[in-house]
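The values are calculated or read from the model by the stated rules, or taken from the named source; none is laboratory data. All of these numbers come straight from a predicted model, not from anything done at the bench. In this analysis, Cβ positions are derived from the backbone assuming ideal geometry, glycine residues included, and neighbour counts consider all displayed protein chains. Side chains included, ligands, DNA and RNA excluded: accessible areas come from the protein's heavy atoms. Shrake-Rupley method; radii C 1.70, N 1.55, O 1.52, S 1.80 Å.
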Amino acid sequence: MVGGPTRGTSGTALRGLPPRRLVEFDADDYARLIRLPGYAAARVVADPRHGFGQPIFVHGGARVEDVLGAFQAGVPLKTVAAEYAVPASELEDALRVASRLPG
């Protein structure tokens, strides 16, 4: 796919793309935002306009990788939540999801 994923001219989902309920498209039919499933409380999206398209928290806009890295470096959860403006319940959810990932 040259230029990135699009909705397709027939309006049907292209193979390999997330379901439409998880994707927002721009007027040019290019994916603008993808809501990432798998989180119970955290609202995490991939948005090429923010965080270089890496997963970010909707609340606070911080990259998930940065927030989890601070916690893994020993910064207390409440401090991480305050510094990155992400609710503690969302941080706890992201930690649960990260603990299930391989590697």
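Taking the residues in the range 56-103 that are in a loop (DSSP other than H, G, I, E, B) and open to solvent by less than 50 Å² (accessible area, probe 1.4 Å) as candidates, determine which candidate is farthest from ALA40 (Cα to Cα). Even if it seems obvious, please write down each step before you answer.
Quick first cut of the range 56-103, residues in a loop (DSSP other than H, G, I, E, B) only: 58-62, 73-76, 85-87, 101-103.
Those still in the list that are open to solvent by less than 50 Å² (accessible area, probe 1.4 Å) too: 61-62, 75, 86.
Numbers: GLY61: 18, ALA62: 18, VAL75: 23, VAL86: 15 Å.
Top of the filtered list is VAL75.
For the range 29-43, which residues satisfy the criterion of being part of a strand (DSSP E or B) and not charged (D, E, K, R)? Before the answer, list the steps.
Step one: list which residues in the range 29-43 are part of a strand (DSSP E or B), which gives 30-35.
Within the range 29-43, TYR30, ALA31, LEU33, ILE34 qualify.
PRO55 versus (1) closer than 22 Å to ARG96 by Cβ; (2) in contact (Cβ under 8 Å) with a residue 24 or more places away in the chain; (3) of a type outside the set (A, V, I, L, M): which is the lone unmet condition?
In the conditions (1) closer than 22 Å to ARG96 by Cβ; (2) in contact (Cβ under 8 Å) with a residue 24 or more places away in the chain; (3) of a type outside the set (A, V, I, L, M), PRO55 misses (2) alone.
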